[in-house]
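Okay, structure first, notes after.
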Amino acid sequence: GGADLEDRHVALLVYAPGVERGRRMQNGVIETTSIAPTILSLLGLDPSSLDAVRSEGTPTLPGLR
């Protein structure tokens, strides 16, 4: 990932049990750093077990808890 728009504007598709189908987030900014804590959360694990989450307060992706 660089600083070019082509590197930063990408689609993100999440498929997991319990995640609402067909949900689309518009006008939202998602950071790739939120992907790992979100995966942990979807697996029923504690995202705060990651050092970066504890030190930076990295959130999970909105609407996927």
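The values are calculated or read from the model by the stated rules, or taken from the named source; none is laboratory data. Please read these numbers as outputs of a predicted model, since none were measured by experiment. Cβ coordinates were reconstructed from backbone atoms using ideal geometry, including for glycine residues, and neighbour counts include every protein chain displayed. When the accessible area is computed, the model is the full protein with side chains, heavy atoms only, and any ligands, DNA or RNA have been set aside. Shrake-Rupley method; radii C 1.70, N 1.55, O 1.52, S 1.80 Å.
Restricting to the range 5-32, and then to whatever is open to solvent by 100 Å² or more (accessible area, probe 1.4 Å) and part of a helix (DSSP H, G or I), can you tell me which residue is modelled with the lowest pLDDT?
Of the residues in the range 5-32, the ones open to solvent by 100 Å² or more (accessible area, probe 1.4 Å) are 6, 8-11, 13, 15, 17, 20-21, 23-24, 26-27, 29, 31-32.
With the extra rule that they be part of a helix (DSSP H, G or I), the set shrinks to 6, 8, 32.
Numbers: GLU6: 74, ARG8: 70, THR32: 82.
Among them, the one singled out is ARG8.
With respect to SER41, determine if the residue is out of contact with any Leu (no Cβ under 8 Å at 6 or more places or on another chain), at pLDDT 90 or above and of a type in the set (S, T, N, Q).
On the way: out of contact with any Leu (no Cβ under 8 Å at 6 or more places or on another chain): no; at pLDDT 90 or above: yes; of a type in the set (S, T, N, Q): yes.
The answer is no for SER41.
Report, by residue number, each residue of the range 33-65 that is assigned to a helix (DSSP H, G or I) and open to solvent by less than 70 Å² (accessible area, probe 1.4 Å).
Filtering the range 33-65 for residues assigned to a helix (DSSP H, G or I) gives 33-42, 47-49, 51-56.
Listed by number, the residues that qualify are SER34, ILE35, ALA36, PRO37, THR38, LEU40, SER41, LEU42, PRO47, SER48, ALA52, VAL53.
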